[in-house]
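In what follows, a single structure is set out as structure tokens and then discussed.
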Ligand code: NAD
């Protein structure tokens, strides 16, 4: 149904997602404010455009993968934004895969419905999985918006990911994403604190890991992404916390969760604690390290 797909935001994630769409046979039209990135895509044979509006004029669907809410709003409502000349826009489906707050996703969905020609739909579809999953096409998409639009977009999602979960109306994909990352942050803090206490009490992390993973404390942070150096191979903890999911991105996602919780009046003591700890790590110079570095740099754990 969609032959030509627009892609805006060709950073760590977006560049790889656009490559996978291209490999799946779509004609992909791209835009990024970074000229070096645009040149690289032009050299690879992609059609490049100088503004988001030009991308929307040329494509059947547009996907955005941008750092934050402000960038997404700029791409839609800025001077060269998609909504600025709605009459020129050919695209009928807009997918935002950036991690942003659900309130902004809902605002954008309403703006698209009211300012573009009838039949235009918006899906908020953030992803779980990092750069490697983006590269391998194994991302998980959490999708909010109309079910009809979700169904029509499934082939697009499946060319970039392997799991696509429909979450309900507008903003629900964004809500799912920030809730997922909140739970991930808290579980990482929980196991890191426990491993650190365990070491101080004389029980090493390797032994505790074995116990957790066959007991009720088992979780992703203990059995897949263990934060203690040397306990598990192939995870950031075992390569000086390089690569993986940057502490600054975790701090950003916790800020989104905190803002959203405040807006709806939800109790969020764990969000506040996690937000404070990950912000402190960023201020301490660890913003580019994987977020599991909280074990070493906050709890002062020692290598086994
Ligand atoms: P990134 O900073 O590497 O890339 C963002 C790209 O957007 C850059 O190339 C930048 O030049 C471009 N950009 C910024 N403003 C623009 C504008 N107004 N118009 C056009 N292009 C613009 O970010 P990323 O790591 O690719 O992450 C993108 C989103 O995905 C974020 O919301 C992030 O939270 C989320 N996410 C990231 C990861 C990860 O592991 N990196 C995992 C899951 C979700």
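What follows draws every value from the coordinates through simple rules; no lab data is involved. Only a predicted model underlies this, so the values are computations on that prediction, with no experimental measurement involved. Please note: Cβ atoms are built from the backbone with ideal geometry, for glycine as well, and neighbour counts cover all protein chains shown.
Take every Cα pair under 8 Å in the chain that's 6+ residues apart, average their separations, divide by the length, and report that relative contact order as a whole percent. Intermediate results must be reported in sequence, preceding the final value.
Values: 588 pairs, mean separation 39.1, N = 304.
Averaging sequence separation for qualifying contacts and normalising by length gives 13 percent for the chain.
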*asked:* If the elastic network links every pair of Cα atoms under 10 Å, which of 48, 207, 138 fluctuates the most in the Gaussian network model of the chain?
replied: 207
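Take the Cα radius of gyration of the chain and divide it by 2.2 N^0.38 Å, with N its residue count; two decimals is plenty.
Ratio of Cα Rg to 2.2 N^0.38 Å: 1.06.
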*the chain - share of DSSP beta bridges that are antiparallel (%, nearest 5)*: 15 percent
*MRE, 222 nm, helices only [DSSP H, n ≥ 4, -39500 (n - 2.57), over the chain, to nearest 500]*: -14500 deg cm²/dmol
_Relative contact order for the stretch 32-177: what percent, with Cα pairs under 8 Å and sequence separation of 6 or more?_
19 percent
*Would you give the gap between the C-alpha center of the stretch 116-151 and the C-alpha center of the stretch 241-268, rounded to a whole Å?*
20 Å
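For the stretch 40-106, build the convex hull from the C-alpha positions and give me its volume per residue in Å³.
Details: hull volume 6.4 nm³, N = 67.
Per-residue hull volume (Cα only) is 95 Å³.
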*Efficiency of FRET from Cβ geometry, residue 207 and residue 158, R₀ 51 Å, rounded to 0.05*: 0.75
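Starting from the alpha-carbon convex hull of the stretch 97-242, give the projected area averaged over all orientations, in nm². List each step's numbers first, then the result.
On the way: hull surface 41.5 nm².
Projected area, direction-averaged: 10.4 nm².
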*Roughly what angle does helix 247-264 make with the longest principal axis of the chain, taking Cα atoms, 0 to 90 degrees, to the nearest 10?*
70 degrees
*Top of 17, 184, 65 by mean-square fluctuation, Gaussian network on the chain, Cα under 10 Å*: 184
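Note the direction-averaged projected area, equal to a quarter of the hull surface, for the Cα convex hull of the stretch 1-144, in nm².
On the way: hull surface 30.9 nm².
Value for the stretch 1-144: 7.7 nm².
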_Within a Gaussian network of the chain (alpha carbon springs, distance under 10 Å), most fluctuating of 259, 271, 99_ = 259
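Given an 8 Å cut-off on Cα distances and at least 6 residues of separation, report the relative contact order of the stretch 135-215 as a percent.
Computed over the stretch 135-215, the figure is 26 percent.
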*On a C-alpha basis, how far is the centre of the stretch 8-37 from the centre of the stretch 194-212 in Å? Whole number, if you could?*
44 Å
*List the extent of the Cα atoms of the stretch 219-277 along each of their three principal axes, largest first, rounded to whole Å.*
41, 21, 15
*Provide the descending list of Cα extents for the stretch 175-297 along its principal axes, expressed in whole angstroms.*
42, 31, 25
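Could you compute the FRET efficiency for residue 242 and residue 42, with r as their C-beta to C-beta distance and R0 at 41 Å, rounded to 0.05?
With a Förster radius of 41 Å, E is 0.85.
Per residue, how much space in cubic angstrom lies within the convex hull of the C-alpha atoms of the stretch 138-184?
Values: hull volume 2.7 nm³, N = 47.
For the stretch 138-184, the hull spanned by Cα atoms encloses 58 Å³ per residue.
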